[in-house]
Amino acid sequence: MPDSQPQPGPPHGATANATALLLRGARLTDGRVVDVRLSGGRIEAVGTAGSLAAPGACVDLDGHLLLPAPAEPHAHGDTALSAVAPDRPVSYDPDDVQRRATEAALLQVGHGATTLRTHVRIGDAQELEPMAAVLRARRSLRGLGDLSVVAVPRLLTGVAGADGLAMLRDAVKMGAGVVGGCPDLDPDPAGYTEAVLTVAAEHGCPVDLHTDGGDPARLARLATMAGGLRPGVAIGPCAGLSRLAADVAGRAADGLAAAGVTVVCLPQGGCGGARERGVAPVRLLRAAGVRVAAGSGAVRDVANPVGRGDPLEAAYLLASQGGLRAAEAYGTVSTAAREVMGLPEVRVEAGFPAELLAVRGDRLEGVLSLAYSRIVIHRGRVVARTNAVREYRDSAVAVAPDLPRQGRQGRPEGGP
């Protein structure tokens with residue numbers, strides 16, 4: 001079951017032109033420059049530049065690289081943007097949670113992530129109030145981006161765990177589309193994982209668990225329990241795998257691959273559900289056949305006060321420090337992230353969903369290096385635009401005719 005259900009198409013009898021948008025002169029990663037026509041939330045046609053008519057609005061993408069939009073598989077909307085006053089405890093007032101979750105989601109949509117999965121703590125004194133607040137934020141974001149919610153109970157075993165288990169089931173009934181949690185923090189990690197998997201099987205939900213991954217025996221038990229569960233199991237950030245001996249980590253990776261478990265790493269920093277910092281051994285996991293996606297984790301909360309929530313930064317870090325090629329790194333925040341969230345594949349080809357990101361640049365390497373100006377397209381509509389212009393004081397160097405220059409340009413049609 002995907003995190004976000006597809007929305008219905010245009011009403012019966014609506015004309016295709018009412019939802020049509022032409023993207024003119026976009027460069028693709030294979031070097032072609034094309035026109036792309038969108039209609040009804042999908043890519044209707046792709047042709048050579050200048051070959052497609054514009055029955056509706058038009059956006060000039062000259063100088064932009066057009067990519068499948070990234071997705072965000074691991075956010076924390078309930079605590080996001082709460083590090084502004086580190087000397088005060090985080091407010092879980094429902095209005096504060098809703099405001100922070102909304103603002104953080106808008107920030108990430110602006111970066112290009114048109115679909116987000118956010119973990120929300122339930123239990124403790126607040127019980128289900130943060131969950132209800134994030135669900136209200138989800139409704140307010142409709143049309144700009146899709147937000148799915150992971151319910152994260154504190155304890156699920158023993159006497160104290162009975163309330164957490166009941167609350168987890170209530171959270172799913174409220175609208176949480178994914179069940180998760182932090183088994184490492186429960187006195188009985190295996191029992192916690194078993195309880196989560198049971199609730200997921202009851203409701204047909206995906207599973208997304210926080211774990212450090214530093215205990216190979218615990219990982220092996222998790223893989224054994226999770227193997228074959230549909231619609232799927234994700235774990236992260238698994239930084240502890242990097243601290244294991246290579247042969248031990250390799251065997252753990254083999255077990256995860258055999259069980260079909262996805263690892264969601266956090267290259268930009270940790271999150272409140274992770275006790276140790278670091279990044280999972282992405283190349284080792286990929287070599288073993290494990291699907292690896294990359295998420296943002298904390299966005300300016302106490303776990304990472306400078307977290308940006310930018311999927312292109314996550315890809316940049318995996319390329320610059322993790323040893324992945326640019327296309328592989330971008331795949332962790334786009335193709336793999338969408339797969340772990342149960343979303344359909346996106347390609348810049350006719351028939352695929354119109355979930356796209358245009359970034360100023362002509363090669364993926366340059367885009368990951370200097371991803372300043374962006375145009376975000378969700379369900380076939382421009383929903384966010386970031387324009388960055390660098391200006392220099394007049395000098396002999398700045399006016400040299402053979403140097404690239406940036407200047408202010410007119411706003412293309414079809415903006416948000």
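The values are calculated or read from the model by the stated rules, or taken from the named source; none is laboratory data. On a predicted model such as this, the values are computed, not experimentally measured, just so you know. Note that we place each Cβ from the backbone using ideal geometry, even for glycine, and neighbour counts take in every protein chain shown. The accessibility values were calculated without ligands, DNA or RNA, using every heavy atom of the protein model including side chains. Shrake-Rupley method; radii C 1.70, N 1.55, O 1.52, S 1.80 Å.
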Please name which of 237, 342, 133 has its Cα lying farthest along the dipole of the chain towards the positive end, using unit charges on Cβ (Lys, Arg +1; Asp, Glu -1) and the Cα centre as origin.
342
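Report the local net charge at residue 43: Lys and Arg +1, Asp and Glu -1, summed over other residues whose C-beta lies under 9 Å from its C-beta.
That sum, taken over residues with Cβ under 9 Å, equals +1.
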Once amide H atoms are placed 1.01 Å from N in the peptide plane, what residues at a sequence separation of 5 or more from residue 205, or on another chain, have their amide H within under 5 Å of its amide H?
none
Distance (nanometres) between label positions extended 7 Å along Cα→Cβ at residue 393 and residue 87
3.8
With the crude spin-label approximation of a point 7 Å out along Cα→Cβ, what separation in nm comes out for residue 224 versus residue 283?
3.2
Using a 1.4 angstrom probe on heavy atoms only, work out the carbon and sulfur share of the accessible area of the chain in %.
51
Given Cβ charges of +1 for Lys and Arg and -1 for Asp and Glu, the option among 303, 318, 61 whose Cα lies farthest towards the positive end of the dipole of the chain is 61
Taking a probe of 1.4 Å, how large is the accessible area per residue of the chain, in Å²?
44
Where labels lie 7 Å past Cα in the beta-carbon direction, separation of residue 248 and residue 372 in nm
4.7
Sort 59-65, 337-343, 137-143 by packing, meaning the average of other beta carbons within 10 Å per residue, with the highest value first.
337-343, 59-65, 137-143
In whole Å, how far is the Cα centre of region 43-66 from that of region 301-319?
31
Region 68-147 - percent relative contact order, Cα under 8 Å, separation 6 or more
39
Defining a contact as two alpha carbons under 8 Å apart and six or more residues distant in sequence, what relative contact order in percent does the chain show?
19
Residue 115 long-range amide H proximity, modeled H, under 5 Å:
72, 146
Using only helices, what value at 222 nm comes out for the chain when you add -39,500 (n - 2.57) per DSSP H run of length 4 or more and divide by the total residues, to the nearest 500 deg cm²/dmol?
-9000 deg cm²/dmol
Name the residues whose placed amide hydrogens come within less than 5 Å of the amide hydrogen of residue 296, ignoring near sequence neighbours (fewer than 5 apart) on the same chain.
74
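Rounding to the nearest 20 debye, state how big the charge dipole of the chain is about its Cα centre with +1 on each Lys and Arg Cβ and -1 on each Asp and Glu Cβ.
900
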